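In what follows, a structure is listed as structure tokens, so that the remarks can point back to it.
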Amino acid sequence: METETYEIRKGAIVYKSRPPLDVRIVAYYLYSLVVFRVVLAILLIGGVIESAESHRVLFGTVVLSSSLSDAVHAFLTGLYYLLCAWGLMRRIKWAWWFSLLFILLFSSPDGAFTFPKHQVNAVICVATDMALITWLWFRRELYGVHLAASHTKK
């Protein structure tokens, strides 16, 4: 399978490479979360579905108790996932950091807070987040992220 493509711009052939397969898989997974979140927000705002129960987000500091607050939360997290997927697909360094921090500080704790009431859902959420964090860690060189101090010889 060839991952290289050529593009013609203003009479010149410009070399352009496609992202690796694992990057595309993760980005498409995040894009699917965007679609799910936006559809959920539309259904909540339209009154087609209602919130089953109130739940806490942002380390338990915010309680979402209405369909409108759930819709806003779903829409905003959809935008975050969209930003993560878009940046990861284009191999942008800040998108790597944004994705890592979003998963570590927002998504995983929200999954952990749902554990007392929904154990299976929470385990799936946290396991998926840990898989994404592991993937981000092992693909950090692709995004130009160097976490160790460089050793310079004198």
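The values are calculated or read from the model by the stated rules, or taken from the named source; none is laboratory data. Only a predicted model underlies this, so the values are computations on that prediction, with no experimental measurement involved. Quick reminder, even Gly has a Cβ in these numbers, built from the backbone with ideal geometry, and neighbours come from all protein chains shown.
If you take the residues of the stretch 41-68 that are of a type in the set (Gly, Ala, Ser) and out of contact with any Ser or Thr (no Cβ under 8 Å at 6 or more places or on another chain), which of them is modelled with the highest pLDDT?
Ala41
I need a count of the residues in the stretch 106-154 that are farther than 29 Å from Arg18 by Cα, modelled with pLDDT of 85 or more, under 19 Å from the mean Cα position of the chain (by Cα) and surrounded by fewer than 16 Cβ atoms within 10 Å (Cβ to Cβ).
2
Search the stretch 28-53 for residues being under 26 Å from Leu132 (Cα atoms) and surrounded by fewer than 16 Cβ atoms within 10 Å (Cβ to Cβ), and hand back the single one that is nearest to the chain's Cα centre (by Cα).
Looking only at the stretch 28-53, we keep the residues that are under 26 Å from Leu132 (Cα atoms), and these are 28-41.
Next, from what is left, pick out any that are surrounded by fewer than 16 Cβ atoms within 10 Å (Cβ to Cβ): 28-29, 32, 35-36, 39.
Numbers: Tyr28: 10, Tyr29: 8, Ser32: 10, Val35: 12, Phe36: 13, Val39: 17 Å.
Checked the stretch 28-53; the qualifying residue nearest to the chain's Cα centre (by Cα) is Tyr29.
Residue check: is Arg56 touching a residue at least 24 places away in the same chain (Cβ under 8 Å), surrounded by 13 or more Cβ atoms within 10 Å (Cβ to Cβ) and assigned to a loop (DSSP other than H, G, I, E, B)?
On the way: touching a residue at least 24 places away in the same chain (Cβ under 8 Å): yes; surrounded by 13 or more Cβ atoms within 10 Å (Cβ to Cβ): yes; assigned to a loop (DSSP other than H, G, I, E, B): no.
Criteria not met by Arg56.
Quick check on my filter: what residues within the stretch 59-70 are within 17 Å of Asp110 (Cα to Cα), surrounded by fewer than 18 Cβ atoms within 10 Å (Cβ to Cβ) and in contact (Cβ under 8 Å) with a residue 24 or more places away in the chain?
Residues satisfying the conditions are Phe59, Gly60.
Considering only the stretch 116-130, how many residues are without any contact (Cβ under 8 Å) to a residue 60 or more places away in the chain and assigned to a loop (DSSP other than H, G, I, E, B)?
Within the stretch 116-130, residues that are without any contact (Cβ under 8 Å) to a residue 60 or more places away in the chain and assigned to a loop (DSSP other than H, G, I, E, B) number 2.
Scan the stretch 37-61 for residues that are closer than 20 Å to Ile103 by Cα, touching a strand residue (DSSP E or B) at 6+ places or on another chain (Cβ under 7 Å) and of a type outside the set (D, E, K, R) and jot them down.
His55, Val57
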